[in-house]
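J.: First the structure, which I've put down as structure tokens, then a few questions once you've had a look.
The values are calculated or read from the model by the stated rules, or taken from the named source; none is laboratory data. Keep in mind that what you see is a predicted model, and the values were worked out from it rather than measured. As a convention, Cβ positions derive from the backbone with ideal geometry for all residues, glycine included, and neighbour counts pool all protein chains shown.
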Amino acid sequence: MKLAVKKSSVDEVYKDMARIPEEYRKDHNGRTIPEGRICKLKADSFSTLLSLRGKQGCTDAAIFIDEKTRNELNLVEGSQVEFNIRQVWWIGQFCWAWHASDPAYRIAARMGAVSVFLGILGLVLGTMGIYISFKSNGCIF
């Protein structure tokens, strides 16, 4: 889908998001992408993960993104660009949060990963402790 590249508002800088009016926020099958979904946007040979939101009061075929994202995608403000948009699964959502510009998303993702690692470590150590205890007392499973 071809969209005009425009500046995002000042309060949306470094939020890793793009605003596209609902009638143009469609995947490759023509289905509307709900607001807040993490999607992979591809423009030419460049791509990035962004949260997609709507843009009230705008009916133009446009995408509103900040300078950081325009640089990542090698875009110039005011140009018309062909975008390929697809929703990502939970791994892509996690990658978006892990590399987010906003520290709130980034820190939450990293704390979540540490928590999962510590949970798995606790499960392994607990299982080993039970196994060693049964083995030393002559019990077999």
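J.: With respect to the numbered conditions (1) closer than 24 Å to PRO103 by Cα; (2) surrounded by fewer than 16 Cβ atoms within 10 Å (Cβ to Cβ); (3) acidic (Asp, Glu), which one is the sole condition not fulfilled by ASP27?
T.: Every listed condition holds for ASP27 apart from (1).
J.: Report the residue count in region 66-118 for those that are touching a Cys at 6+ places or on another chain (Cβ under 8 Å) and touching a residue at least 60 places away in the same chain (Cβ under 8 Å).
T.: Going through region 66-118 one residue at a time, the tally reaches 2.
J.: If you don't mind, another one. Got a number for residues in region 78-91 being out of contact with any Leu (no Cβ under 7 Å at 6 or more places or on another chain) and either surrounded by 15 or more Cβ atoms within 10 Å (Cβ to Cβ) or in a helix (DSSP H, G or I) (or both)?
T.: So the count comes out to 3.
J.: Conditions first: (1) surrounded by 16 or more Cβ atoms within 10 Å (Cβ to Cβ); (2) among the acidic types (Asp, Glu); (3) within 17 Å of SER101 (Cα to Cα). GLU22 passes all but one, so which condition is the exception?
T.: (3) is the only condition that GLU22 fails.
J.: Do we have LEU3 as part of a strand (DSSP E or B) and farther than 26 Å from GLY112 by Cβ here?
T.: Answer is yes for this residue.
J.: Of all residues in region 43-63, count the ones that are at pLDDT 95 or above and of a type in the set (Ser, Thr, Tyr).
T.: Total meeting the criteria: 3.
J.: Follow-up. Go through region 9-44 and give me each residue that's of a type in the set (Gly, Ala, Ser) and closer than 22 Å to GLN93 by Cα.
T.: Of everything in region 9-44, those that are of a type in the set (Gly, Ala, Ser) and closer than 22 Å to GLN93 by Cα turn out to be ALA18, GLY30, GLY36, ALA43.
J.: Which one of these does TYR105 not meet: (1) at pLDDT 95 or above; (2) part of a helix (DSSP H, G or I)?
T.: Of (1) at pLDDT 95 or above; (2) part of a helix (DSSP H, G or I), only one is false for TYR105: (1).
J.: Taking the residues in region 6-50 that are assigned to a strand (DSSP E or B) and of a type in the set (Ser, Thr, Tyr) as candidates, determine which candidate is farthest from GLU77 (Cα to Cα).
T.: Among them, the one singled out is THR32.
J.: Something else about it: Given the criterion within 23 Å of the chain's Cα centre (by Cα), surrounded by 13 or more Cβ atoms within 10 Å (Cβ to Cβ) and outside any helix (DSSP H, G or I), identify the matching residue among PHE94, PHE64.
T.: Unique residue meeting the criteria: PHE64.
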